[in-house]
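The values are calculated or read from the model by the stated rules, or taken from the named source; none is laboratory data. Small disclaimer: the values here were computed from a predicted structure and weren't measured. Reconstructed Cβ throughout: ideal geometry from the backbone, glycine too, with neighbour counts over all protein chains shown.
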Amino acid sequence: MSIKQLGEASVELPKGILRQRWYVYAIIVVLVLLVLVLATSIGSVSVPFSTTFSILADKLPFVDITPTWSVNIETIIFDIRLPRVLMAGLVGAALAIAGATYQGLFRNPLADPYLIGVAQGASLGAVIGFLLPVSWNLAGFGLIPLLAFVGALLATTTVYLLARVGKALPVTTLILAGVALSALLSSIVSYLVISSGESMKAIIFWLMGSFALSDWSEVGIVLPYVAAGVVVITLFGRMLNVMQLDEEQAQQLGVNVERLKIILLAAATLITAASVAFVGTIGFVGIIIPHAVRLVWGSDHRSLLPLSVLIGAIFMILTDLIARTILSPTEIPIGVITAICGAPFFLYLLRRRKKAIF
Amino acid sequence: MIELEMQKVSLGYNHHPILRDMNLKVSPGELVGLIGPNGCGKSTLIKAFSHIINPMSGRILVDGRVISVIPRRELARLVGVVPQIPLLPSTFSAFEIVLMGRNPHLGLFQSEGPRDWNLALQAMQKTATQSLADRRVNELSGGEIQCLLIARALVQETKAILLDEPTANLDIGRQVEILDLMKDLCRTQNLTVLAALHDLNLAAQYCDRLVLIHDGRIHAEGKPSEVITNKNIKQVYGAENCVYTHPVNGLPIVLVGAARK
């Protein structure tokens, strides 16, 4: 038994019910920053950790460090590597929290951010973008990301409309409609890919995901989506816990279940769509990171959601680091690395801990 | 304190009515028992009073307001429900399940504080479940879960409580404890209680009023001695001459099989 004291009220709480302590978050946030600086300093031109740290610190407001480095190094660190690393962190965070949200909402451990058509919709949009003989740039959105984003939203909206029965949205119907539409779109994508001729390699590379093209303008577009989505989703952690009972009990405990579904589906789908539109349909992160967080820190959504954001960011930054350095100067598609590195680690966690997590 | 009321309500699923033209009123401080054979619609009625299903026709009123215009969160502060034993997710502790009863009292930006924890611990004491607090709910027995769900409804601090077979999995000692608790809440806090009960004897002993449902209608309604009669029991359950009078308190008791010899 642990005792929690707050002013006059002293409550003896059963052990194991306290939420994560603040220092768990503090340590992980520091870890995210360290990984960020580390990943920024490693690359084809190796920059010492301390120099990278100074360059980045110099960019912060109210910090002024006399440069001991060349302008070239600063360009590499700040204009080339940092946006790429940030983008990896953002996408990892987005996919992880979207996965945790879908899993909680559907009460299904196999759910991932692509379950209701985002990935296949984005893929079809992107492939069409590759095959069209035009290119343009609309407010920072290139043709391919724009079509991928629109495709992802069109696909999920279709699934949503197909699955809705009156005012209600039965979860099983939603999943089945998602699987069916994804299969349909996937077959169209496959056909387009094999008949795409010389752009085939570029398309396949896009489908497996890459951060190679990420720059500041893309970070600027994705960041607001991810930030807003993360804030909205984490506000509903307690209600997602109540949803784990079943929809009937959740309603009797004051949760407006249908409204909650729409808010969370919209938020999770938007951040997923914004992410995959720029970097391709990176697999594995969205399903595995939330489970890894559950294995280590438990299943309370109030800690699961923010911790998935942080761990997802760390994981994606590190896998992108491996993807661009291990066979340098060749890059490996990130989707390959996420599974190769992530699966064994996840299986290790799974074996180590036998407690029910879902 | 609130009143629950049905005016000419028909209830059912997929346009197939189970209950027709129900007129029913439960007043504050009253413990009303719903009795009737399996599948007669007791649970459906409880779902209607917690707005899980909408009536096919008629009006359901909670505190004089049509139930469908009351927001979920507000309704959950007025009416608490103890469902029939559901499957509970194995990841939560008993204490966490009870604490979920505070959900309708907490805003989006709030989380539970000492007052909520105290309420939960008190409710667990009242239902004799405090020793289970840190156990995972998948390790608990049906009866223990039933008591937890009652604790959760108490933590909800509602003005009415609906119970669906609250004593079905309890031993005789626990049955008496739980119904004593409900009766006490009715008397001291003017709580409105509507309980679907299978056990006719418990229903007769504890309820102020009984509603006997049969063939989609209210077959009989009134004091236990007016509802549990040889005639009604024969018509509804097909058992003959099995109603006796309790030797001490004079309430009806049902002894099946005793009339054979």
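Find the residue count for the range A:294-344, including only residues that are of a type in the set (Gly, Ala, Ser) and within 14 Å of the chain's Cα centre (by Cα). If you could, list the steps in order and put the result at the bottom.
Initially, the range A:294-344 is screened for residues of a type in the set (Gly, Ala, Ser), giving A:298-299, A:303, A:308, A:312-313, A:323, A:328, A:335, A:339, A:342-343.
Subset that is within 14 Å of the chain's Cα centre (by Cα): A:308, A:312-313, A:335.
Residues meeting the conditions: 4.
From the list A:Val309, A:Val257, A:Val296, pick out the single residue that is free of Cβ contacts under 8 Å to residues at least 24 places away in the same chain and within 18 Å of A:Gln103 (Cβ to Cβ).
Details: A:Val309 fails: free of Cβ contacts under 8 Å to residues at least 24 places away in the same chain; A:Val296 fails: free of Cβ contacts under 8 Å to residues at least 24 places away in the same chain.
None of the others qualify; the one that does is A:Val257.
Restricting to the range A:221-235, what's the tally of residues that are within 14 Å of chain B (Cβ to nearest Cβ) and farther than 17 Å from A:Ile311 by Cβ? Write out each step before concluding.
Initially, the range A:221-235 is screened for residues within 14 Å of chain B (Cβ to nearest Cβ), giving A:231-235.
Pick out the ones that are also farther than 17 Å from A:Ile311 by Cβ and you get A:231-232, A:235.
Final tally of qualifying residues: 3.
What are the residues in the range B:123-167 that are away from chain A (no Cβ under 12 Å), in a loop (DSSP other than H, G, I, E, B), surrounded by 22 or more Cβ atoms within 10 Å (Cβ to Cβ) and in contact (Cβ under 8 Å) with a residue 40 or more places away in the chain, if any?
Of everything in the range B:123-167, those that are away from chain A (no Cβ under 12 Å), in a loop (DSSP other than H, G, I, E, B), surrounded by 22 or more Cβ atoms within 10 Å (Cβ to Cβ) and in contact (Cβ under 8 Å) with a residue 40 or more places away in the chain turn out to be B:Thr127, B:Pro166.
Is the range A:200-208 home to any residue that is surrounded by fewer than 20 Cβ atoms within 10 Å (Cβ to Cβ) and within 11 Å of another protein chain (Cβ to nearest Cβ)?
Checked against the condition, which is being surrounded by fewer than 20 Cβ atoms within 10 Å (Cβ to Cβ) and within 11 Å of another protein chain (Cβ to nearest Cβ), the range A:200-208 yields no hits at all.
Filter the range A:241-264 for residues that are among the polar types (S, T, N, Q) and in a loop (DSSP other than H, G, I, E, B); which is surrounded by the fewest Cβ atoms within 10 Å (Cβ to Cβ)? Don't jump to the end; show me each part of the working.
The initial filter retains those residues of the range A:241-264 that are among the polar types (S, T, N, Q), namely A:241, A:244, A:249, A:251-252, A:256.
Next, from what is left, pick out any that are in a loop (DSSP other than H, G, I, E, B): A:244, A:256.
Numbers: A:Gln244: 22, A:Asn256: 16.
Here the answer is A:Asn256.
Is it the case, given these coordinates, that A:Arg238 is charged (D, E, K, R), within 9 Å of another protein chain (Cβ to nearest Cβ) and surrounded by 20 or more Cβ atoms within 10 Å (Cβ to Cβ)?
Working: charged (D, E, K, R): yes; within 9 Å of another protein chain (Cβ to nearest Cβ): yes; surrounded by 20 or more Cβ atoms within 10 Å (Cβ to Cβ): yes.
Criteria met by A:Arg238.
Each row is one residue, and each column tells you yes or no for (1) surrounded by fewer than 16 Cβ atoms within 10 Å (Cβ to Cβ); (2) of a type in the set (Ser, Thr, Tyr); (3) without any contact (Cβ under 8 Å) to a residue 12 or more places away in the chain; (4) farther than 17 Å from A:Asn108 by Cα.
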position	(1), (2), (3), (4)
A:Thr156	no, yes, no, yes
A:Tyr160	no, yes, no, yes
A:Leu169	no, no, no, no
A:Leu174	no, no, no, no
A:Leu181	no, no, no, yes
A:Leu185	no, no, no, yes
A:Ile188	yes, no, no, yes
A:Ser195	yes, yes, yes, yes
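Matching residues to (1) over 20 Å from A:Asn241 (Cβ atoms); (2) modelled with pLDDT under 60; (3) in contact with a strand residue (DSSP E or B) (Cβ under 6 Å, 6 or more places away or on another chain); (4) surrounded by 12 or more Cβ atoms within 10 Å (Cβ to Cβ):
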position	(1), (2), (3), (4)
A:Met1	yes, yes, yes, no
A:Gln5	yes, yes, no, no
A:Ser10	yes, yes, no, no
A:Tyr23	yes, no, no, no
A:Ile28	yes, no, no, yes
A:Val32	yes, no, no, yes
A:Leu36	yes, no, no, yes
A:Thr40	yes, no, no, yes
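Would you call A:Ser308 within 14 Å of chain B (Cβ to nearest Cβ), assigned to a helix (DSSP H, G or I) and polar (S, T, N, Q)? Break it down into steps so the answer makes sense when it comes.
On the way: within 14 Å of chain B (Cβ to nearest Cβ): no; assigned to a helix (DSSP H, G or I): yes; polar (S, T, N, Q): yes.
So A:Ser308 fails the test.
For the range B:90-109, how many residues meet the condition of being more than 7 Å from chain A (Cβ to nearest Cβ) and either at positive phi or of a type in the set (D, E, K, R) (or both)?
Going through the range B:90-109 one residue at a time, the tally reaches 1.
Residues being of a type in the set (Val, Ile, Thr) and over 17 Å from B:Gln122 (Cα atoms): count how many of those fall in the range B:144-189. Steps first, please.
Within the range B:144-189, the subset of a type in the set (Val, Ile, Thr) is B:145, B:150, B:155, B:158, B:161, B:167, B:172, B:176, B:178, B:188.
So of that shortlist, the ones also over 17 Å from B:Gln122 (Cα atoms) come out as B:161, B:167, B:172, B:176.
Within the range B:144-189, residues that are of a type in the set (Val, Ile, Thr) and over 17 Å from B:Gln122 (Cα atoms) number 4.
Can you confirm whether B:Asp199 is among the acidic types (Asp, Glu) and either touching a His at 6+ places or on another chain (Cβ under 9 Å) or in contact (Cβ under 8 Å) with a residue 40 or more places away in the chain (or both)? Talk me through it step by step, then tell me what you get.
Numbers: among the acidic types (Asp, Glu): yes; either touching a His at 6+ places or on another chain (Cβ under 9 Å) or in contact (Cβ under 8 Å) with a residue 40 or more places away in the chain (or both): no.
No: the conditions fail for B:Asp199.
What is the number of the single condition among (1) among the aromatic types (Phe, Trp, Tyr); (2) free of Cβ contacts under 8 Å to residues at least 60 places away in the same chain; (3) under 18 Å from A:Ser210 (Cβ atoms) that A:Phe346 does not meet?
Exception for A:Phe346: condition (3).
Are any residues in the range A:245-279 small (Gly, Ala, Ser) and under 20 Å from A:Val230 (Cα atoms), and if so, which ones?
At the first step, the residues of the range A:245-279 found to be small (Gly, Ala, Ser) are A:250, A:254, A:266-268, A:273-275, A:277.
Across the range A:245-279, the qualifying residues are A:Ala266, A:Ala267, A:Ala268, A:Ala273, A:Ala274, A:Ser275, A:Ala277.
Going residue by residue through the range B:55-69, is there one that turns out to be crowded, with 19+ Cβ neighbours inside 10 Å and facing chain A (nearest Cβ under 8 Å)?
Among the residues of the range B:55-69, not one is crowded, with 19+ Cβ neighbours inside 10 Å and facing chain A (nearest Cβ under 8 Å), which makes the answer no.
Are any of the residues in the range B:85-96 assigned to a loop (DSSP other than H, G, I, E, B) and modelled with pLDDT of 95 or more?
Taking the range B:85-96 first, the residues assigned to a loop (DSSP other than H, G, I, E, B) are B:85-92.
Pick out the ones that are also modelled with pLDDT of 95 or more and you get none.
For the range B:85-96, residues assigned to a loop (DSSP other than H, G, I, E, B) and modelled with pLDDT of 95 or more: absent.
Counting only residues that are within 22 Å of A:Tyr225 (Cα to Cα) and part of a helix (DSSP H, G or I), how many does the range A:130-161 have?
Of the residues in the range A:130-161, 18 are within 22 Å of A:Tyr225 (Cα to Cα) and part of a helix (DSSP H, G or I).
If you take the residues of the range B:97-116 that are surrounded by fewer than 23 Cβ atoms within 10 Å (Cβ to Cβ), charged (D, E, K, R) and touching a helix residue (DSSP H, G or I) at 6+ places or on another chain (Cβ under 6 Å), which of them is modelled with the lowest pLDDT?
Only one residue tops the list, namely B:Glu112.
Conditions (1) touching a helix residue (DSSP H, G or I) at 6+ places or on another chain (Cβ under 7 Å); (2) more than 22 Å from A:Ile282 (Cα to Cα); (3) crowded, with 16+ Cβ neighbours inside 10 Å, marked per residue:
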position	(1), (2), (3)
A:Ser44	no, yes, no
A:Pro61	no, yes, no
A:Trp69	yes, yes, yes
A:Ala94	yes, no, yes
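Would a scan of the range A:278-301 turn up a residue that is away from chain B (no Cβ under 14 Å), in contact with an Asp or Glu (Cβ under 6 Å, 6 or more places away or on another chain) and of a type in the set (A, V, I, L, M)?
Yes.
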